[in-house]
Structure formats: structure tokens, C-alpha cells
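Read-outs throughout are calculated quantities, based only on the coordinates presented, and are distinct from any laboratory measurement. Everything quoted here is computed from the prediction, not taken from an experiment. Cβ sites come from the backbone with ideal geometry, for glycine too, and all protein chains shown count toward neighbours.
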Amino acid sequence: MTQTLLETDGLTVRFGGHVAVDHVSCAFHAGELTAIVGPNGAGKTTYFNLISGQIPATEGRVRLMGEDITRASVADRCRKGLGRAFQLTNLFPNLSVLENVRLVIQAHRNKGFSLFSMAASHTELTTEAMAVLERVKLDHLKDKNVSELSHGNQRKLEVAMLIALDPMVYMFDEPTAGMSADEAPVVLDLIAELKAERERTILLVEHKMDVIRTLADRIIVLHNGALAADGDPATVMASDVVQEAYMGKELTDV
Amino acid sequence: MLINILSGDKPRSVILTVLLLGILVALAFAPFLFPGVRSLETAARICIFIVLVASYDLLLGYGGIVSFAHTMFFGLGAYGVALASENMGRGWGSLAVGTVAGAVAAAVLALVIGLFSLRVRAIFFAMITLAVASAVAVLVSQLSGITGGEDGLNYSIPRELTPAFRLGEFLGVKINGKLLNYYLVFFASLALFLMLLRVVNSPFGRVLQAIRENDFRAEAIGYRVIYYRIAATCLSAAVAALAGSIFAIWLRYVGPDTTLSFEIMLDILLMVVIGGMGTMYGAVLGATIFVLAQNYLQNLMGAASEATTGLPLIPDLLNPDRWLLWLGVLFILSVYFFPTGIVGRLREGRRA
Ligand SMILES: Nc1ncnc2c1ncn2[C@@H]1O[C@H](COP(=O)(O)OP(=O)(O)OP(=O)(O)O)[C@@H](O)[C@H]1O
Ligand SMILES: [Mg+2]
């Protein structure tokens, strides 16, 4: 049996009367890429928010490598190995591309409370940040302000910042949304590379069928916040619940 | 080497470099370049306000935190020196004890305010600082037995720092304790400024900027935002207190009007905005221009008013009592034409 890295246990959140995530119990294992699908408003992003801590859970538990992190702060979860890229691009707009990634590595290396050293003298942080930028093919834009980047490049930077964190659990929320056909492969190839390393677990919210088919080891389906199906891709895609509810609309071949 | 002293933060504009060098030279040789009691007062005040404004900019410009308690911290440092000198007697020891006690008290008070309010929301912090600062100002004027109330305190400092301590003459300028005192102010301010410059260019400074830009994401990549905000608040408060101590050593007097008043808080805000938020060099320009205007605009206006007697309305408008009005006009114009402050404008100019 492979190692369980992340586990949610009856995870639930209610907004007033509306149950956005409804008792979702699921375990994610090292070396596994799990696609999370479901129609708009199914609760996929909210499920991520509960796991990474942006929204407190009403009920249920989250465990990271066996440790209960249900009450931990967002920053602490991140430091324990939970990494997240956001569906809506969420960067430091008036800082340079390099600085955005450097900040992540600096956090990871615990250098944030160094008050009297020059940031520029920490060349190892810059070197590492450049290596990450090369992986997403943004190294030539390192000195640009983030606000000057195209949407596609901002999405790439979003992914770069997650990779820079080097987490045990990668959470991608529609990483290629709004990217052009020639930009998306850079990101998808990267995810495939991460998967090939087989030490971490990857959660991927994605609508595009072909992406899921090539990358996913497993699919879970959320419907009205509840877990509607969970299994290997072939079985889940063939199942009645998916065929009836989503095949026609959400899981489209692109 | 020089870059290292400036922590790698180059002025990045020729005009700015010239202006900064000009101010540095003028302040360094002020006693020789501008003899006279009044100009030395002005120079010392500029030094001290540069530090005070820079420490405020660490909070506002880098951390994106609005505080109205900066003069309170300034006052804590000043009263620290005053009370120590008053109660322990004249001496270097009193100055040291007062300075350290003021800075520690400021940092602790900032920590308490931060712990209570920064957890909630930024606006809440602004409101709490306003409330605490008002409370302290009232307290200081009420406890007249200890603080001298509205009259403030006069106290003695070591003789070596007073005009009575004479060493002779150099280049036609009397070398005395007052001059030594000025250089104490100058070098202490320079050191504090360079320290702040280092802090904003350190990894910590980068985190503050990240938090200002997007605190949500800063937290999501693993920075405990609240700790950074509190640390910035404490550091800013401690440096403000140190500036206050220097001011108290220079003036040999403290009172609510010179250190605690809300008017000074507004002055600081204006200086930050005029110079340019989020750049330490902005503090230098903002403080210099503002203090000069404060000290000489009235003279200038007095002269202009007399020169225009006979004309309708104009002498009235130029009456020295209206100087604040003109300062306001200057402020509005500068915000309108230089929304990023003078430093921001100069740096843009180069890029264009
Ligand atoms: N903070 C919140 N307060 C109230 N309701 C919320 C909140 N966050 C999410 N919701 C609601 O929860 C439901 C699930 O939203 P969520 O964003 O998780 O969907 P999703 O599956 O990510 O959809 P999409 O595919 O469009 O990204 C929606 O009905 C949304 O309106
Ligand atoms: Mg979503």
C-alpha cells in the first residue's frame, strides 16, 4: 500500500443554509495524480480552500502526513508541505517576476526574519528562483513587473510559485484555464514531470477531458459538494453518474 | 562598499542622487555652511525628522499599515530622556537609560497594540493607535506632577553637549558643546537611517512589500503575516522612540506640543507623501522640504506681504499667519503632480 499523504475525513462547510462541501472523505497517496471534476459550483475550489485553510471547516478533519491540521493557519499548513496554486491568479502585481518566485523560496528557506542582511546577498535564493523560472519558460521575463505579463504568463508564474514551494501535496486549480493552445503544454508537461517523480501527491481540478485522460491516475467527482464517484479514470468515466450528469456538459474534449 | 552602506538601494536617478548628496553635505557641514543658531536648529530638526519619517514609511510605505501613534512613540523616547535626566540627575548615564527605556517601552507598547488589533483588520489597527495615542497625550498632560503637564520639562544634559562647553574656534565658527551635540544628532540620525535602509532591503523588507501587495498570497506561501506586521510595528516604534530621544537631547526640553501633538503626526504623514511612500529616500526629501518650508516659508511670506502692501487682498493672503494654507496648497499640488512622491517622479522620469 502506498503512503497516504493527505486525508480529509467528513470534511464539511456550510455557508448559511448552503452546504458547499458535504462530508467529503478521501485519501490521497504518494505518487498519485487525482483529478477532481464536477460542474461549476460543485465545490471543488471550496474543497481546496478547506484543505489549505483559507476557509475554516464547519465539520470534519484534514490530516497531512498523519498530522491533524484542521485548526492550523494557512501559513503553517504551507510550511508543513501543503502547496496550492489558485484558480484566479493571485500574485504580487507590483513586484518583478523573479521577486515573486524568490519570495516563495525565501519563505521555504525560512529567511523571512533576516532583518539586517541584504536581500541581494542571498544569491542562492536567486539561483533557485531562476531555476524554477526556467522550468516554466519565464526566465527571459524575470525583471518584468508581474502586472505587465500576459494572462498566460501570469498563469505560468502561478504554477512556478507552487513548484518553488516544493510541497508534499500539490494542489492545482484549473492551471491552464484561459491559456492559449501553445502555452498550456508547458504547464501540463511540468505537471507530468512532477507526477513522474512519484514522491508527492497531486490534486488537479480540471475540466478538459483530454488532460484528465493523459494525466490522471484517479478521478473523484464532486456534485453539490458531495463525493459522487471515486475510482480509476476508465471506471469513473464509464459510470452512470458521470455519464448522465456531466459528460455532455462539463467534461468536454478540447 | 558604498553600495553596501546603501544596502544596494541605489537612488536610480541623477537628479535624486544630486539632491541626496546635496542634503547630506549640507547637513554634515551645517555648522560651517550656515552659521547661526536658527539654521543649526533647522538642520538638527531635519536630521531627526528624516529618521522619524523613514521609520513611519517602514510601516506605511513598506508594510501598508496605517498608524496614528507614531508621535506617541516619538514622545516616549523624548520623555524617557527627560524623565531620566530629571530623576537621575544630569549625566551620560541618564541619557543612555532614558533612551533605552524609551525604545523598549515603545516596542512593548507597539507589541501589545499589534497583538490586540493587527489580528483583526488593518483599519482596526489604525483606530486603536488613534485611541491609544490620544489617551497617552491626555495622560501626559494630566500627570503634571511627573511629566510637567502642558508646560513640559526642562532638564540638564552633560555639560559637554551644551554651549557652555567651549573648545575654541575653527574657520570662524565657535567649537562648543552645542556643535558636538549637533554632530551627535547628525551621526545618530545617519546611522538610524542607514539601518532602516538596510531593513527595507533585507529579506524581511521584501516580505513586508509582499504583504502590502497581497497579504492573502503571502500567507499562502508560508509567511505568518501577523508576525511580520507586528515585527514591523515594533521596529518602527523603537526607531521613532530613538528619534525622540535624540530630539530631547538636542532640545533639552520636552512638552506635549513638541513631541506628542497630533499636528506632528499630520506633518509626518505629509512628509511621507510628499517625498514618496515606499522609498526611504522619500523620507529624506520630504522631511527636508517640509522642515525648511515650516521654518522659512513664514519669513518669505512676511517679506512678500510687506512688499505688496498697497495692493488689495494679496498682502492678506501672504500674511505669515496663512503659511499653513500655503503649505496645504503646496501639498495638494505635489500630490496632484507627483502622486508617487518626489522620489517616485524622479525615478519615473529616468525610465521615460
Ligand atoms: N465564501 C463563500 N461564501 C458563500 N458561498 C460560497 C463561498 N465560497 C463558495 N461558495 C459557494 O459554494 C459553492 C461552490 O463554489 P466553488 O467555487 O467551490 O465551485 P467550483 O466547483 O470551484 O466551481 P468552478 O468550476 O466554477 O470553479 C458555490 O455555490 C459558491 O457560491
Ligand atoms: Mg473553482
Beta bridge orientation in chain A: antiparallel %, DSSP, nearest 5: 55
GNM on chain B, Cα springs under 10 Å; top mean-square fluctuation among B:271, B:127, B:280 goes to B:127
What does the net charge come to around residue B:65 if you take all other residues with beta carbon closer than 12 Å to its beta carbon, with K and R at +1 and D and E at -1? +1
Listed residue (A:98, A:122, B:242) projecting farthest to the positive dipole end of the protein assembly as shown, Cβ model: B:242
I'd like to know which of B:337, A:57, B:182 lies farthest towards the positive end of the charge dipole of the protein assembly as shown, counting +1 on Cβ of Lys and Arg and -1 on Cβ of Asp and Glu. B:182
Mind listing the long-range amide H neighbours of residue A:229? Cut-off is under 5 Å, sequence gap 5 or more, other chains count too, H placed in the peptide plane at 1.01 Å from N. A:221
Expressed as a whole percent, how much of the Cα-Cα distance distribution for region A:2-73 exceeds 15 Å? 53
Tell me, what ³J(HN,Hα) does each residue in region B:234-244 have, in order and in whole Hz, if you take phi through Karplus 6.51 cos²θ - 1.76 cosθ + 1.60 with θ = phi - 60° and put x for Gly and Pro? 5, 5, 4, 5, 5, 5, 4, 5, 4, 4, x
Please give the average number of partner chain Cβ atoms lying within 10 Å of the Cβ of each residue in A:77-87, rounded to a whole number. 2
Just counting partner chain Cβ atoms within 10 Å, what average do the residues of peptide B:7-13 show around their Cβ? 2
Give the relative contact order (percent, whole number) for chain A; include only Cα pairs under 8 Å separated by 6+ residues. 28
The long-range amide H neighbours of residue B:175, using H built 1.01 Å from N in the peptide plane and a cut-off of under 5 Å, are B:167, B:168, B:169, B:170
Which semi-axes, in whole Å and largest first, does the equivalent ellipsoid of region A:19-138 have when worked out from the alpha carbon gyration tensor as the square roots of 5 times its eigenvalues? 31, 17, 14
Looking only at the protein assembly as shown, where both bridge partners belong to it, what percent of the DSSP beta bridges are antiparallel (to the nearest 5)? 60
How far is helix A:184-197 tilted off the main Cα axis of chain A, in degrees rounded to 10, range 0 to 90? 80
In nm, what is the difference between 0.36 nm times the number of residues separating residue A:23 and residue A:181 and their Cα-Cα distance? 53.2 nm
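Name the trypsin sites (Lys or Arg not before Pro) in region B:115-180 that are in a loop by DSSP and that have at most 14 other C-beta atoms within 10 Å, would you? Display every interim value, and only then the final one.
Values: sites: B:119, B:121, B:159, B:166, B:174, B:178; in loops: B:119, B:121.
Qualifying residues, ordered by number: B:119, B:121.
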Based on DSSP H runs of at least 4 residues, each adding -39500 (n - 2.57), what is the mean residue ellipticity at 222 nm of chain B after dividing by all its residues, to the nearest 500 deg cm²/dmol? -23500 deg cm²/dmol
Added length on full extension, which subtracts the Cα-Cα distance from 0.36 nm per residue, residue B:33 to residue B:216: 60.8 nm
Note down the nm distance, to one decimal, between modelled labels 7 Å out along Cα→Cβ at residue B:143 and at residue B:337. 4.7
Using the alpha-carbon atoms, what tilt in degrees (0 to 90, nearest 10) does helix A:97-108 show relative to the longest principal axis of chain A? 80
Tell me, what are the semi-axes, in whole angstrom and largest first, of the equivalent ellipsoid of the protein assembly as shown as set by the roots of 5 times the Cα gyration tensor eigenvalues? 58, 25, 22
Taking Cα pairs under 8 Å and at least six residues apart, what relative contact order does region B:2-351 come out at, in percent? 29
Rg(Cα)/(2.2 N^0.38 Å) for region A:91-166, N = residue count: 1.03
Label-point separation in nm, residue B:262 to residue A:234, each point 7 Å along Cα→Cβ: 7.6
Provide the packing ranking of A:165-173, A:101-109, i.e. peptides ordered by the mean count of other C-beta atoms within 10 Å per residue, highest first. A:101-109, A:165-173
How far is it, in nm, from the label point at residue A:65 to the one at residue B:122 when both lie 7 Å from their Cα along the line to the Cβ? 3.4
How are the Cα pair distances of region B:148-240 distributed, in percent, across 10 Å bins from 0? 13, 26, 21, 18, 15, 6, 0
At q = 0.10 Å⁻¹, work out log10 I(q)/I(0) for chain B with the Debye formula, treating every Cα as an identical point scatterer and leaving solvent out; two decimals please. -0.64
For region B:146-186 and region B:295-352, distance of Cα centres in Å: 33
Let me see the P(r) profile for chain A: every Cα-Cα distance counted, bins of 5 Å, each bin given as a percent of all pairs. 1, 6, 13, 17, 19, 17, 13, 8, 4, 2, 1, 0, 0
Please provide three numbers in whole Å: the alpha-carbon extents of region B:281-352 along the principal axes, with the largest listed first. 48, 21, 16
Counting only other chains, and only Cβ atoms inside 10 Å, what mean value do you get across the residues of B:206-219? 6
Electrostatic dipole magnitude of region B:2-351 [Cβ: Lys, Arg +1; Asp, Glu -1; Cα centre; debye, to 20]: 1040
